[in-house]
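Heads up, the thing below is written out as structure tokens.
Laboratory data are not the source of any read-out in this text; all were calculated from the coordinates shown. All values derive from a computational prediction rather than experimental measurement. Note that we place each Cβ from the backbone using ideal geometry, even for glycine, and neighbour counts take in every protein chain shown.
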Amino acid sequence: MLAELIVSGVIISAIYALATTGFTLLYGVSGILNLAHGTTLATAGIVAWYVAGRSDLGLVAALAAGIAAGVAAGLLTFWLVIRPLQRNFELSESDEHVFMLVATLLWTIILQEGLASIFGDVSVSLPQMIPGVVDILGVRTPASSVFVAIIAWLVIGLLWFYVSKTKSGQILLAASINPRGLVLCGINLGRVHLLVWALYGALAGFAGVLVAMILGVSPSSGLDLTATAFSIVVLGGLGSVGGTLIAANLIGFIETATAYTLGPSLRSLPALIILVIVLYFRPQGLFGRR
Amino acid sequence: MTVPRSDRSDTGPWPYIVAAIVVCLLAAVPFLGVNAYLLSILTLGLFFAVFAMCWDLLFGYAGEPNFGATFLIGTGAYTAALLSSNGLASPAVCIVAGAIAAVVAGVLLALPALRLRGPYFGLVTLVATLILRQVIILFSDYTGGEIGIAVPDIITISSTLNFYIALGAAVLTALVLRLLVNSPFGLVLEAIGQDPLNARVLGFEITKYKVSAFCVSAFFSGLAGALMVFYLGTASTNVFVDASVGVQVIIAAIVGGRRTIVGPAIGGVFLIAAAQYLHPLGSLSEMGVAVVALVILLFLPGGLLGATRLFRKAR
């Protein structure tokens, strides 16, 4: 029982961690909470499922299609929703924040209904990546799930390497710390934003495919995924990638433990209550800067 | 930077005359030979108008984005439905109890949530809705879970009378909220919303004003929620305690024109009517409404009411 809980907690947490790093990276660099995040994940998952069912290339093609769909959804969000709002100078700063949230929510509805009318409003899940089961701590686990968890952490590691060791990664980091300073160094902030949206789309695309493998996605599951991602990111502290990773594990384990002890229908309740309590005592989240 | 507002000085009596004419026209609708279907849509639209106006008091004036409007609406609706289905009270008592319960819930939500700012506040209000929904499902023996509770009593079966009840609720809410935002209380509230630091320096106790605004907003949300339960005959989570319904309320308020009270009322009726008008398109109808709302949001930040102001200025 305990071993079972740990194994599935680790797997779920790995997916949560990958699925929220893009969200938190985007907030850190551009200050935007993309409430269409869950639907971006769902878009990638559904496109990957569609390609997997129709091509002979199998899961590699599906993964590539999912990432491409994620990047496309991310860039479309940027061009159609975010840019026009940022160029509207009539809005005060606090108005702009709420308009951003409402606009991305409307974009969620548009994406969701678009997906539902193209692919049908059904839940889909991708086939197992590799067959067979492995024995971990005496728990028989699908090898595919273990593989997915390892891949998720590998991608997070790659992201860390990119941000801390490459020049364009350092520019992204600088943009999240002091955008004005970056402009003074002669860097085009518009291109940085384009880069971060493309990177966000790729991360969300990758994560969406993995989510579709383990949990399954449907067009209307987007809002629930967004709520989970939002909770994790706020719990960890907005913009803090390290905090997000820890919070993802925390929420992943709490949800798994609840599902095992109280029943799957109450899965999200304790995590939500803990979130409210933490915010009451630490309004900036566990590892937030402000 | 906030653009200075000029509408307070130069409007004259015209907005009130227009509003009176619109209310008279609406009151005459049942006599114009419209069918019961159209009347029912207008009834729902007017209830939605109340929700949107209540949201506008919190966001437009107090500056707090409440993503959990359905937490307040749902508390009012379920309180009324639970009292009625257990035979504990008459509809009138149930409705008053619903409104009072919503105020209590509003204070309980506001006190911790107001410690937070911006997106954090929004998230906590959203989470409050999700928690309420889970609790209702958890106690499904009493609340009927996701299916909902049927109320045995109704106020009236006449669609005309039901329409007048909704119209009365909307007009009462609009009047009270307009009077409130133009009163000294409302001016302080608006000052707090636009510049909390300066308002505090001037010696206003921010929390007191915001909690009071929450109480007013919750009272009318709960009242309309409870009235709607008796109109629909059931209270279910998908209608009253749903995050996406809360989002619809926000969309209605912003599409109509925030910080005007009247604009969100127009937005509420518009949104319900548009959804019904586009209904034949099937699943694309929601998409159509969302596209229209997004275009208004991006290119007419003042909403539909702001567009008329733009028109006046151009002349």
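Around residue A:171, what is the net charge, scoring Lys/Arg as +1 and Asp/Glu as -1 over all other residues with Cβ under 15 Å from its Cβ?
Result for the neighbourhood of residue A:171: +4.
Please get the size of the charge dipole for the protein assembly as shown, origin at its Cα centre, with Cβ charges of +1 on Lys and Arg and -1 on Asp and Glu, quoted in debye to the nearest 20. Display every interim value, and only then the final one.
Details: 27 positive and 23 negative charges, 316 e Å.
The calculated dipole for the protein assembly as shown is roughly 1520 debye.
What FRET efficiency, computed as 1/(1 + (r/R0)^6) with R0 = 56 Å and r the Cβ-Cβ distance, is obtained for residue A:174 and residue B:24, rounded to the nearest 0.05? Before the final figure, lay out each step's value.
Details: r = 61 Å, r/R0 = 1.10.
So, using R0 = 56 Å, E works out to roughly 0.35.
Evaluate peptide A:272-281: per residue, the Cβ atoms of other protein chains within 10 Å of its Cβ; return the mean as an integer.
Other-chain Cβ atoms within 10 Å of each residue's Cβ, averaged: 4.
Contact order normalised by length for chain B, with contacts defined as Cα pairs under 8 Å and 6 or more residues apart; what percent is it?
Values: 479 pairs, mean separation 98.0, N = 315.
Relative contact order for chain B comes out at 31 percent.
Return the average number of partner chain Cβ atoms within 10 angstrom of each residue Cβ along peptide B:288-300. List each step's numbers first, then the result.
Working: counts 2, 4, 10, 5, 1, 6, 11, 2, 1, 9, 11, 3, 2.
Averaged over the peptide's residues, the number is 5.
Taking square-rooted eigenvalues a ≥ b ≥ c of the alpha carbon gyration tensor, is the stretch B:117-241 rounded, prolate or oblate, where a/c under 1.5 means rounded and, failing that, a/b exceeding b/c means prolate?
oblate
Please turn the phi angles of the stretch A:46-52 into ³J(HN,Hα) values with the Karplus equation 6.51 cos²θ - 1.76 cosθ + 1.60 (θ = phi - 60°), one per residue in order, whole Hz, x for glycine and proline.
5, 5, 4, 4, 4, 5, 4
Sorted from largest down, give the three principal axis spans of the alpha carbons of the stretch A:2-281, whole angstrom values.
Cα extents, longest axis first: 57, 49, 37 Å.
Just to be sure I understand the model, the point goes 7 Å from the Cα along the line to the Cβ. What's the resulting residue A:134 to residue A:61 distance in nm?
Between residue A:134 and residue A:61, the label points sit 2.8 nm apart.
Sorted from fewest to most neighbouring beta carbons within 10 Å, what does the list B:188, A:233, B:104 look like? Each step should come with its number before you reach the end.
Values: B:188 18, A:233 29, B:104 14.
Taking fewest neighbouring Cβ atoms as first place, the list is B:104, B:188, A:233.
Compute the signed sum of charges (Lys and Arg +1, Asp and Glu -1) over the other residues within less than 15 Å, Cβ to Cβ, of residue B:74. Walk me through the intermediate numbers first.
Values: positive: B:133; negative: B:146, B:242.
So the surrounding residues net to -1.
Enumerate the calculated ³J(HN,Hα) couplings along the stretch B:241-258 in order (Karplus 6.51 cos²θ - 1.76 cosθ + 1.60, θ = phi - 60°), each rounded to whole Hz, writing x wherever the residue is Gly or Pro.
Calculated HN-Hα couplings, in order: 10, 9, 4, 6, 5, x, 5, 4, 4, 4, 4, 4, 5, 6, 5, x, x, 6 Hz.
Could you check the spin-label model distance between residue A:215 and residue A:4? Points 7 Å from the Cα along Cα→Cβ, value in nm.
The modelled label-to-label distance comes out at 2.1 nm.
Mind running the shape call on the stretch A:179-290? Use the C-alpha gyration tensor, a ≥ b ≥ c as the square roots of the eigenvalues: rounded below 1.5 for a/c, prolate if a/b tops b/c, oblate otherwise. Before the final figure, lay out the partial values.
Values: a/c = 3.13, a/b = 1.50, b/c = 2.09.
Verdict is oblate for the stretch A:179-290.
Please list the non-local residues whose amide H lies under 5 Å from the amide H of residue B:257, H modeled 1.01 Å from N, same-chain partners needing a gap of 5 or more.
Residues meeting the criterion, in which the H sits 1.01 Å from N, are B:304, B:305.
I want to verify the translational diffusion coefficient of the protein assembly as shown in µm²/s; compute it with Stokes-Einstein, Rh as the Kirkwood radius over Cα pairs, at 4 °C and 1.567 mPa s.
Reported coefficient: 51 µm²/s.
Could you put B:295, A:276 in order, starting from the residue whose Cβ has the fewest other Cβ atoms within 10 Å?
On the way: B:295 13, A:276 17.
Ordered from fewest to most neighbouring Cβ atoms within 10 Å, B:295, A:276 come out as B:295, A:276.
Kindly identify chain B as rounded, prolate or oblate by the Cα gyration tensor criterion: order the square roots of the eigenvalues as a ≥ b ≥ c, call it rounded if a/c is under 1.5, otherwise compare a/b with b/c, prolate if a/b is larger, else oblate.
Numbers: a/c = 1.57, a/b = 1.17, b/c = 1.35.
Here chain B falls in the oblate category.
Of A:97, A:37, how do they rank once you tally other Cβ atoms within 10 Å and put the fewest first? Working shown, then result.
Numbers: A:97 19, A:37 31.
The order, fewest Cβ neighbours first, is A:97, A:37.
Treating only the Cβ atoms of Lys and Arg (+1) and Asp and Glu (-1) as charged, compute the dipole magnitude of chain B about its Cα centre; round to the nearest 20 debye.
Dipole magnitude for chain B comes out near 900 debye.
Once you've got the GNM for chain A with C-alpha springs shorter than 10 Å, pick whichever of A:240, A:123, A:220 has the biggest mean-square fluctuation.
Maximum fluctuation in the GNM of chain A, among the listed residues, is at A:123.
Along the charge dipole of the stretch A:64-180, which of A:141, A:99, A:73 sits closest to the positive end, that is, farthest toward it, with unit charges on the beta carbon of Lys, Arg, Asp and Glu (+1, +1, -1, -1)?
Of the options given, the answer is A:141.
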